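The values are calculated or read from the model by the stated rules, or taken from the named source; none is laboratory data. Not measured: the values here are computed from a predicted model. In this analysis, Cβ positions are derived from the backbone assuming ideal geometry, glycine residues included, and neighbour counts consider all displayed protein chains. To get the accessible areas, we keep the full protein, side chains included, count just its heavy atoms, and leave off ligands, DNA and RNA. Shrake-Rupley method; radii C 1.70, N 1.55, O 1.52, S 1.80 Å.
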Amino acid sequence: MTTGVPTPTHPARPRRSRLRTFLPLGIAVWLVLEIWLLTVVAGAASGFAVLLLLVAGFVLGSVIVKRAGRRAFRNLSETLQQQQSGVAPTGGGGEGNGLMMLGGLLLMLPGLLSDVVGLLLLIPPVQKALSRYTERAIERKIREAAPGSVGDAFQQARIHRPDGKVVQGEVIRDDTPRGPDPASRPGPHPPLTG
């Protein structure tokens, strides 16, 4: 039976997310604000003062990134040593390293707004508040993830075989009681196809 409605010859395009739509616009606005602020400060003080601010931000940012990287490597080494010795690793030593590195990277970028945001990320109460917010947002996204999506990958199980190979799979729990095993029933069985 036909309805008279032609079937589409091309698949429907998925809608673009808000992030993909507004991110380029946000970056453009950020860059325009950075350039405008640099010209205002250069007009008020001097071009040399702006150059000194940018160089100082780069040096401070590189020191912070280096320090955060060393701290993260030290925490990783300590955790691995604790695991090898059989002691349960103590968490909490590596909190804030990612935000410190991000703050250092923002300080290294040329611009005064990025320097202000980078300095804000170095303040411990701001780091704690931002990490709590991010953790809650990620947990919410994982709970809302549809089966088969990227978020569902976190809920998949890995099966380690004796030969060392890893077989990825998904654990499906079926709590409904079933009847007797079809292989144990008498009579003919359908052929196995594979």
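What to note about this one:
- Within this structure, GLY47 fails the test of being under 27 Å from the mean Cα position of the chain (by Cα) and surrounded by 11 or more Cβ atoms within 10 Å (Cβ to Cβ).
- Filter result for ASP175 (open to solvent by 90 Å² or more (accessible area, probe 1.4 Å) and modelled with pLDDT under 85): yes
- For the residues ALA72, ALA68, the requirement of being touching a Gly at 6+ places or on another chain (Cβ under 8 Å), modelled with pLDDT under 90, in a helix (DSSP H, G or I) and open to solvent by less than 70 Å² (accessible area, probe 1.4 Å) singles out ALA72.
- Restricting attention to region 75-98, the residues that are open to solvent by less than 50 Å² (accessible area, probe 1.4 Å) and either under 21 Å from the mean Cα position of the chain (by Cα) or at pLDDT below 85 (or both) total 5.
- Pair list, Cβ < 9 Å and 6+ apart or interchain, from region 122-142 residues that are closer than 16 Å to LEU102 by Cβ to residues that are charged (D, E, K, R) and not in a helix (DSSP H, G or I): GLN127/GLU95; LYS128/GLU95; SER131/GLU95
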